[in-house]
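Working notes, beginning with the structure itself.
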């Protein structure tokens, strides 16, 4: 199978050469099979959405929340579609190892929140904007570019809650948030299907399984790239993190055939996603800019004082530098990214400090466990503060059934809102 242009002309080629082998290159048959997922959605959720819409306003959501928080037995006369959905959620696959999940959660909890935000904001989000098909959904579903701080904070909350100890237990916060996000995806799909101008032939089904991979892969990859920032994991810990990511994908409704079980499988899926979905459009730089502009708010940087503008600019610029290094000089302009700045020299210092800190942790008895416990507590505090700053909707109850019909101007650098 021919190597996609992005892999040839970006740092992705070097990364695949270092971390993978030629065996991660998919065959033509695998590529053809992957493309079929552009027409596959999440049938059990779509049936639930259709049933909820037939009920009096608020009743279906109330049943959903009660079942999610207290179990289906707590719902009086639940609709059959909700029963089926909850049963699927509670049907834990045989391969789930809860000891591995806990190890992964303790491993991720050691990572400082600043590193997590940096990886998600400068790598995961911009990379997820490479697909014009995915962007068609993002820009239509609710002003992602205008409400970037709250949406990015909500994604950080979702991932971090899943990665806190106990987060993916049946009544863990991460598990419940994942179920709510899955429901939101169903509402978005329903809303997109109601639009007259949705181009199924060109874009596939809205919020399809291929879209899931494009948006989840960067988050998965960023979870494993903490080594690049000087955070050390053992092979056993990395394997556990992959296991956690697989279970998160399962609860999110990702098709079993697209759930990764190894790093090689993740690399092969990345290859397929680039081949199938890499097609930046006019919305890519707009969404990337919105993510970078949200950086000062996410970190809670000062807004007043003589140094405030310089501090806010520097933080944003460092994140832009990281994104520029990911895309490389050939593609950075397609995403509206600036050339590397002198601030890129700060990154080796950050890596060095993190390496020293982790080396001391490894040689100090009991330090790994203590850092995980302390890190989990710090994350909960940081997530709460971030949500308050960005006015995030942590109930994840957004009704996306009536997205704005946003028309993309063919040659314009902006999206026009059609009321």
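Bear in mind that the values in this text are calculations on the coordinates, not laboratory data. Here the structure is a predicted model, which means the values were calculated and not measured. No Cβ is skipped: glycine too gets one built from the backbone with ideal geometry, and neighbour counts run over all protein chains shown.
Quick notes
- For the pair residue 374 and residue 194, the difference between a 0.36 nm per residue extended length and the Cα-Cα distance amounts to 60.1 nm.
- Inter-label distance for residue 69 and residue 293, nm, one decimal - labels placed 7 Å from Cα along Cα-to-Cβ: 3.6 nm
- Förster-model FRET efficiency, 22 Å R0, residue 76 and residue 54, C-beta, rounded to 0.05: 0.80
- Cβ-derived FRET efficiency at R0 41 Å, residue 28 paired with residue 304, nearest 0.05: 0.10
- Among the listed values (1) 31, 27, 23; (2) 36, 25, 22; (3) 47, 35, 17, the one matching semi-axes √(5λ) of the Cα gyration tensor in Å as calculated from this structure is (1).
- Highest-first arrangement of 114-124, 349-359, 302-312, where packing means the average Cβ count within 10 Å: 114-124, 349-359, 302-312
- Cα extents of the range 96-159 along the three principal axes, largest first (Å): 40, 27, 18
- Burial ranking of peptide ranges 128-134, 379-385, 275-281 (average Cβ count within 10 Å, highest at the top): 128-134, 275-281, 379-385
- Whole-number Å³ per residue for the convex hull built on Cα positions in the range 265-362: 153 Å³
- Spatially, the range 279-311 and the range 204-275 are offset by 26 Å when compared through their Cα centroids.
- For residue 360 and residue 96, a Förster radius of 45 Å and the Cβ-Cβ distance give a FRET efficiency of 0.85, rounded to the nearest 0.05.
- Distance between the C-alpha centres of the range 62-102 and the range 148-189: 15 Å, rounded to the whole angstrom.
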